[in-house]
Amino acid sequence: GLMLTVLVISVLIAYEFNNVYVPEGLENKHAYKVTGLVMSTTGFLAKSLAWFNIGTEVSNFREILGYAIKIEELKRTEVNVKKEDRTINGIRVRVYEPKDKSAGKRPALIFYHGGGYAFGHLNTYDLFIEKILEKQELVAVSV
């Protein structure tokens, strides 16, 4: 019963982890694989819960992903990024810029998370965008 289920799930997770496509040139291939595994596992859990009439697939995915983000936020150390939420023409955006502003203009990154108003929100990609700003001298706007 339960042991067989745990074994099957463990084998599926290992198989999925080993088959995550990793683009060439990535600095941290392991983190990329883990992220892919988290997303596919989240999808599997969301579908399974919906199958048992617990929420919908979309609502379950959003909630599980939200918990994963909260766990990452607990591990977060101090970052040198200032964030400000704004509304432009009725659209919520978040502007990120280094706290220690140097003189002059900077390049800008406009980040569209592509959730189709179903998955993700402004908080979903905070860590990702902050990591980009740690390595690049720019301003980012998340839509």
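General remarks:
- Rel. contact order, % - alpha carbon contacts under 8 angstrom, at least six apart, the chain: 19 percent
- The longest part of the chain holding none of the exposed loop chymotrypsin sites (Phe, Trp or Tyr not before Pro), meaning those outside H, G, I, E and B in DSSP with at most 11 other Cβ atoms within 10 Å, is 53-111.
- Each of PHE44, VAL11, PHE61 was scored by the projection of its Cα onto the charge dipole of the chain, and the greatest displacement toward the positive side belongs to PHE61; charges sit on the C-beta of Lys, Arg, Asp and Glu.
- Point-to-point label distance, VAL95-ASN18, nm (Cα→Cβ direction, 7 Å offset): 5.0 nm
- Loop-located trypsin sites (Lys or Arg not before Pro) in the range 1-95 whose Cβ has at most 16 other Cβ within 10 Å (DSSP): ARG76
- Selected from GLU57, GLU130, GLU78 as most flexible by GNM, with the chain as the system and alpha-carbon contacts under 10 Å: GLU78
- Modelled spin labels at VAL143 and HIS113, positioned 7 Å past Cα toward Cβ, are 1.5 nm from each other.
- Estimated FRET transfer efficiency when R0 is 41 angstrom, pair LEU4-MET39 (beta carbons, to 0.05): 0.95
- Stretched out straight at 0.36 nm per residue, the stretch from ARG86 to TYR67 would grow longer than its current Cα-Cα span by 4.4 nm.
- Highest GNM mean-square fluctuation among VAL79, VAL22, VAL58, for the chain modelled with Cα contacts below 10 Å: VAL22.
- Measure of compaction for the range 1-75 (Cα Rg per 2.2 N^0.38 Å): 1.25
- Note on Rg and Dmax of the Cα atoms in Å: of the candidates (1) 15.4, 42; (2) 18.3, 64; (3) 14.3, 41, the value calculated from this structure sits at (2).
Every read-out reported here was derived from the displayed coordinates using simple, explicitly stated rules and does not represent laboratory data. Predicted model only: the values in this text are computed from it and were never measured. Heads up, the Cβs are rebuilt from the backbone with ideal geometry, glycines too, and the neighbour counts pull from every protein chain shown.
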